[in-house]
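The values are calculated or read from the model by the stated rules, or taken from the named source; none is laboratory data. Small disclaimer: the values here were computed from a predicted structure and weren't measured. Don't worry about glycine lacking a Cβ; one is built from the backbone with ideal geometry, like all the others, and counts go over all protein chains shown.
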C-alpha cells in the first residue's frame, strides 16, 4: 500500500467519535426532498467541514431543490480520471420529523430521520476525502458529489450526475450497506407516473345514465395495470395512490392515480410501457378519456464487465479487512443507475451498514462507520494501482 493510504487509514481509525458528531448534526436537520432550505443547510454543514479540512467545494445552483456540491481532492495521477464518491442529502421525511425523533444512539445503533439513507454515507464520503487530503492527496483524483433530490428521482441533479460520471474512472455510491453487510451490484429501474381520467358528471339518482364514471374507468385500468406484473421476470406495477369524484351522489367526472413501475432491464421497460400506453388509450367506460404523464424515473443498475471488476476489487479489500461482502440485487432504485447508464463502472451501497430505511425504525450500525470508510479508502488505493 502507498504511504498516502497508510496515513489516510491511520487517521480514519481514530475518527468514529468525530464522524458520529457530524452525523448527529446532519440528522438533526430536516431535509425532505422539497425542503430546499433544509437540504441546503445539510450541504452547508458538509461544505463547512470540507473547507475546514482545506478541500475546495463548488456549489452548483439548482432551482427549486437543494443545490449540488462538488468537492475535489487531487490525485498523484495528475490528469487521471477521478473516482467519484456519491451521495444524496435529501430524505423522505416531512418537516418536523426531527423534533419528533431526533438523533440518538442506543445499544450500538444510531437512529433518526435519514440516519442510514443516507446521511451516514455523506459523513463517510466527507471523511474519506479529508483523510486523503490530509495525507497529501489520493492515489487517483477524487470527486465528492453531494446531490439533493434522489428520493424523488433526481429531476434536477440527474444531468449533473451523468456529466460527472462520464469522465470518471469509477463511482462508489454510499447508499447504506445492506443489513447483511453486503453491497449492491444490481438495481431495478423505476418509472413514476400520474394518470388523469376524465368522465362526465351526472346526478347519481336523477339521471345516472347520463353520467360517465371516471372512477369506474380508473378501476378497470387499475386491474389491467396490475396484470402487467411478472414476478418471475422482476417487473411490477403498483397503483399506489388514487383520488377522484365530486360527491357521493354524483357520477364521478374525474379520477386520478399514481403508478409505480419497476423493471430489471431496458427491454422490460419498453414492453411494460407499451402495455401501459395501450391501457391508457383504451376506454371500457364509453366517452371517458385518460392522460398519462411521467413524473420521475430511475434507470436500472446493470452490472457490466467494468462494474464486476470494481466489485471484485472492493470484495477483496473487504475480505482482507476481515469483513467479507457479497453483491446483492435490490428492488429499490438509486442514482447509481444513472452513472452506470453512461458507462461508468459503479458500485452501490458501500456506505455504513443500516436498515429499515424510510421508516421510524431506520437504524445505522455505528460500528460500521470506520470499517466501511477504510474499505472505501483501500478500494481507492487499489484503483490507483
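Couple of notes before you dig in:
- Total residues in the stretch 181-208, condition over 30 Å from residue 308 (Cα atoms) and touching a strand residue (DSSP E or B) at 6+ places or on another chain (Cβ under 8 Å): 13
Per-residue answers, yes or no, for (1) surrounded by fewer than 19 Cβ atoms within 10 Å (Cβ to Cβ); (2) closer than 20 Å to residue 213 by Cα; (3) touching a helix residue (DSSP H, G or I) at 6+ places or on another chain (Cβ under 7 Å):
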{"position": "286", "(1), (2), (3)": "yes, yes, no"}
{"position": "302", "(1), (2), (3)": "yes, no, yes"}
{"position": "306", "(1), (2), (3)": "yes, no, no"}
{"position": "310", "(1), (2), (3)": "no, no, no"}
{"position": "322", "(1), (2), (3)": "yes, no, no"}
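- The condition of being modelled with pLDDT under 95 and over 16 Å from residue 28 (Cα atoms) holds for only one of 108, 78, 66, that being 78.
- Here residue 143 does not fit the description of being assigned by TED's automatic domain parsing to the domain that holds residue 44 and within 22 Å of residue 302 (Cβ to Cβ).
- Residues located in the stretch 23-39, provided they are touching a residue at least 24 places away in the same chain (Cβ under 8 Å) and in contact with a helix residue (DSSP H, G or I) (Cβ under 8 Å, 6 or more places away or on another chain): 23, 26, 27, 28, 29, 30, 31, 32, 33, 34
- Exactly one residue out of 42, 83 is within 25 Å of residue 347 (Cα to Cα), out of contact with any strand residue (DSSP E or B) (no Cβ under 8 Å at 6 or more places or on another chain), crowded, with 22+ Cβ neighbours inside 10 Å and touching a residue at least 40 places away in the same chain (Cβ under 8 Å), and it is 42.
- Checklist (1) crowded, with 24+ Cβ neighbours inside 10 Å; (2) farther than 23 Å from residue 36 by Cα; (3) over 14 Å from the mean Cα position of the chain (by Cα) applied to residue 172, failing item: (3)
- Only a single criterion out of (1) crowded, with 16+ Cβ neighbours inside 10 Å; (2) under 18 Å from the mean Cα position of the chain (by Cα) is not satisfied by residue 196, namely (2).
- All of (1) surrounded by fewer than 23 Cβ atoms within 10 Å (Cβ to Cβ); (2) in contact (Cβ under 8 Å) with a residue 12 or more places away in the chain; (3) closer than 19 Å to residue 34 by Cα hold for residue 159 with one exception: (2).
- Condition met for residue 254 (within 30 Å of residue 375 (Cβ to Cβ) and surrounded by 16 or more Cβ atoms within 10 Å (Cβ to Cβ)): no
- Scan of the stretch 83-97 for residues that are part of a loop (DSSP other than H, G, I, E, B) and over 14 Å from residue 68 (Cα atoms), ordered by number: 92, 93, 94, 95, 96
- Search result, residues across the stretch 6-20 that are in contact with a strand residue (DSSP E or B) (Cβ under 9 Å, 6 or more places away or on another chain) and over 11 Å from residue 128 (Cβ atoms): 20
- Only one of 287, 335, 304 that is under 30 Å from residue 195 (Cβ atoms) and not assigned by TED's automatic domain parsing to the domain that holds residue 216: 335
- Selection from the stretch 153-179 of residues that are farther than 17 Å from residue 121 by Cβ and assigned to a loop (DSSP other than H, G, I, E, B): 153, 155, 156, 167, 168, 169
- Number of residues in the stretch 43-82 that are in a strand (DSSP E or B), within 21 Å of the chain's Cα centre (by Cα) and over 17 Å from residue 123 (Cα atoms) equals 2.
- When the stretch 202-212 is filtered for residues that are in contact with a helix residue (DSSP H, G or I) (Cβ under 9 Å, 6 or more places away or on another chain) and surrounded by 15 or more Cβ atoms within 10 Å (Cβ to Cβ), only 202 remains.
- In this entry, residue 136 passes the filter for residues that are modelled with pLDDT under 95, in a loop (DSSP other than H, G, I, E, B) and either more than 19 Å from the chain's Cα centre (by Cα) or under 24 Å from residue 256 (Cβ atoms) (or both).
- Selected residue (only one of 206, 211, 244, 199 is farther than 30 Å from residue 281 by Cα and outside the structural domain of residue 334 (by TED's automatic domain parsing)): 206
- Selection from the stretch 217-250 of residues that are without any contact (Cβ under 8 Å) to a residue 24 or more places away in the chain, surrounded by 11 or more Cβ atoms within 10 Å (Cβ to Cβ) and not in a strand (DSSP E or B): 219, 223, 226, 227, 229
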